[in-house]
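See structure below.
Just so it is clear, none of the values below were taken in a lab; they were calculated from the coordinates. Small disclaimer: the values here were computed from a predicted structure and weren't measured. FYI the Cβ positions are ideal-geometry reconstructions off the backbone, even for glycines, and counts take in every protein chain you see.
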Amino acid sequence: MIRNIAGSVLALAGATAAVWSPFRAWYDGRHGRDYAVGDLFTGITDAKSDVLGSILLPFAFAALITLVGVVLRSRLLVALAGLVVLGFTILWMVRVGQAEGSLAVGPDGAGLGDGVANALGGGVLLLLGALVMSGRSHRPRRVDLPPHGPARPAPDAGQETPAPYAEAPYAEAPYAEAPRADAPYAETRTFDVPGGPPAPDPERKNPPPGG
């Protein structure tokens, strides 16, 4: 988070410096807004250009890319904006060197001006911002296991599927109710016999007790 904030500040500062540079002196007191974009490809001339058709156009486009990159936290877009600024600035220096014979830095606004320094510094700040930014964070995907644990491998063809209780052949169902034990003796019941209790049977070993 902190890296994204610091990188965004550097990128925005670089884009601001690049957009402001055409309004400063570039060479021999001539402002960058006076150089047409087409002159960078065909050769530098003394003709003055409109502001919208000057070197400000690619710098404004780079600033727009920077804003999109900061909002999306895209390091690639911010780095692309820096390359655009540096590329057009270096191309201008090559064309001016060809037109003047050489590039010079002199006092009193002669030679290269502070507008070139602003453009080069803005491009470097954009690249530094892209390096400092950490980019968008990707959350790790969470893979949940099935509710019954990991899936078992499918049985081979021709192999019988084991029964649920095949490991314990004599085990009953886990929730089967155990049989209840009957009472060891039946409940004693009495009967009224007319004429008194029956006579004891001599063949019985345990005759019933008398009344």
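Per-residue Karplus couplings for segment 31-46, computed as 6.51 cos²θ - 1.76 cosθ + 1.60 with θ equal to phi - 60°, are listed in order as 6, x, 5, 7, 8, 6, 5, x, 5, 5, 9, 10, x, 6, 10, 7 Hz, Gly and Pro entered as x. Residues of segment 47-65 falling in the label zone of Phe23, defined by backbone nitrogen less than 20 Å from a point 7 Å along Cα to beta-carbon, are 49-65. Taking the Cα centre of segment 1-72 as reference, the dipole from Cβ charges on Lys and Arg (+1) and Asp and Glu (-1) amounts to some 280 debye. Just add up the charged neighbours of Gly129: K/R +1, D/E -1, any other residue whose Cβ is under 12 Å from the Cβ of Gly129. My count for the surroundings of Gly129 gives +3.
Dimensions of segment 1-97 based on its C-alpha atoms, expressed as ranges along the principal axes with the largest first, amount to 48, 22, 21 Å.
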